[in-house]
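The structure appears below as structure tokens.
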Amino acid sequence: MARMTWIFTPEHVGTPDATALRRAYYGDVAGRYWKRPATEAEIDEGLTADGVELLTPPTGQFLVGRHDGEPAACGGVLLLDAERAELTRVFLRHGFRGKGGAGTLMQGLEDAARGLGARRMVLNTRLDLVEARALYTRHGYAEIPAYCSGPYMDIWYGKEL
């Protein structure tokens, strides 16, 4: 049996696959926060004016991951200043978790940040997103003081690249 493969490539956030993954990401994190599935209208509202247009060079990068050709994962990096990039919108569809894509995605996002000139990666997340927090710490991210604030931010992480 052939081994399943992951391929991560930079992709514009507006492509059909990137859009579907961003919608799945928002539906997942919003639904967990609200403790119920997010509606299509709530997803539409959440994605309106969310700043995703900055996830393209020279201010950022967005990656789409495909597992044997099927869009399965995404993530972005956003330059905050000359030396720091923020990790954002990291998501693997539930059916593709545990297949080795998360580590490949993290490496690709860190490489993208380095390519944009960043020397440090930072991120914020919520305490209830335990899988995400485990992923970040498994890849060398450590808790740091808050570098921003907002209603859906409970904990901040950083890593030297």
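Convex hull volume of the Cα atoms of the chain, normalised per residue: 118 Å³. Region 6-25 and region 135-149 have Cα centres lying 24 Å from one another. For residue 134, put the label point 7 Å out on the Cα→Cβ axis and report which residues of region 83-97 keep their amide N under 17 Å from it. Residues passing the 17 Å test: 91-97. Expressed to the nearest 5 percent, the antiparallel share of DSSP beta bridges inside the chain is 90 percent. Extending 7 Å from the Cα toward the beta-carbon at both residue 42 and residue 143 defines two label points whose distance is 2.8 nm.
Adding -39500 (n - 2.57) for every DSSP H run of four residues or longer, then dividing by how many residues the chain holds, sets the calculated 222 nm ellipticity at -10000 deg cm²/dmol.
All of the numbers you see were taken from the coordinates with simple rules; none came from a lab. Remember, predicted model here, so these are calculated numbers, not experimental data. Cβ sites come from the backbone with ideal geometry, for glycine too, and all protein chains shown count toward neighbours.
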